[in-house]
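Worksheet: one structure, shown below.
The values are calculated or read from the model by the stated rules, or taken from the named source; none is laboratory data. Remember, it's a predicted structure, so these values are computed and weren't measured experimentally. Glycine also receives a Cβ, built like all others from the backbone with ideal geometry; neighbour counts cover every protein chain displayed. Surface areas here come from the heavy atoms of the whole protein model, side chains and all, with no ligands, DNA or RNA. Shrake-Rupley method; radii C 1.70, N 1.55, O 1.52, S 1.80 Å.
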Amino acid sequence: MRVLTRFLLSAADARQFPLPGTPEIAFLGRSNVGKSSLINSLVGSKIAKTSSTPGRTQTINFFEIRRPGKPRPDWIFADLPGYGYARVPKEVTAEWPKFIDPYLLDRPSLALCVCIIDVSVPPQKKDIELLTWLRHAERPHIVVGTKIDRLSNNQLRNNVQKLKEELLVQEVLPFSAKGTTGHDELWRKIREAAGTDASDGMAG
Ligand code: GDP
C-alpha cells in the first residue's frame, strides 16, 4: 500500500507525547530484531532508524502516516525503543518502564501493538515476557515473525509452531523486509484495528 509519511516527534517523556486522536500503531521488538526494516519496508521509505547502537537515546518516535488523497493522517506509527539489548548502559534500560509502560497501558489512542519477533531464532525470554505483559494489560496486539526469507518452508513451519507454543499466541504473521511477504496482511490488520476502512467506507 502506498502511503505518505511525516516525522512528528521523538518523546523521551510522557509529557512529550502528541495529543491523542489519530489511531496509533506501536511497534515493539528486541533490539536488532528487524523493527526498523519492517517499518521502513511497510511504508516504503526510510523513516525508522536502527535501534542497535548501544547507548542510543531511548525515545518513542512518532510518525504520521497518510494515504494519498486523504486530508488527514490515517494513523500514527509509534516506534518504541528496542528492548533486551545487553550492551545498552544499565541506566538507559532502567529508564524503559518509566514512560513505556504507561504509554502501553494508558494511551487512549493506541489501536494496536505490533510485536516483532525474529522467526529465524528460537523463542526468546524477553519476547515471552513482553507477550505475557501485554496479555495481562489487555492491550490489542499481534505477533509478526520477521526474517522469514532466511528459512526454508519446513524450518518456517517448525519455528512458527514452536513460537506459538512458547509465546502462547494463536498466530504469528510471517513477514520479510527483504520482499513483500506479509506486507498486505499486516496492513490489513492495521486498518482493521484502527477502524480505517469502516470510518471512510472504503475497503482495500
Ligand atoms: P532493529 O534494530 O530492530 O531496528 O533492526 P534492523 O531493522 O536494523 O535490522 C537488524 C538487522 O537485521 C539488519 O542487518 C537487517 O538488514 C536485518 N534484517 C531486518 N529485517 C530482515 C528481513 O526481513 N530479512 C533478513 N534476511 N534480514 C533482515
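Taking the range 1-80 as the region of interest, the strands (runs of 3 or more DSSP E) fully inside it that hold 2 or more residues being within 10 Å of the ligand (Cβ to nearest atom) are 24-29.
Evaluate the following for P18: is it in contact with a strand residue (DSSP E or B) (Cβ under 9 Å, 6 or more places away or on another chain) and open to solvent by 20 Å² or more (accessible area, probe 1.4 Å)? Before the answer, list the steps.
Working: in contact with a strand residue (DSSP E or B) (Cβ under 9 Å, 6 or more places away or on another chain): yes; open to solvent by 20 Å² or more (accessible area, probe 1.4 Å): no.
So P18 fails the test.
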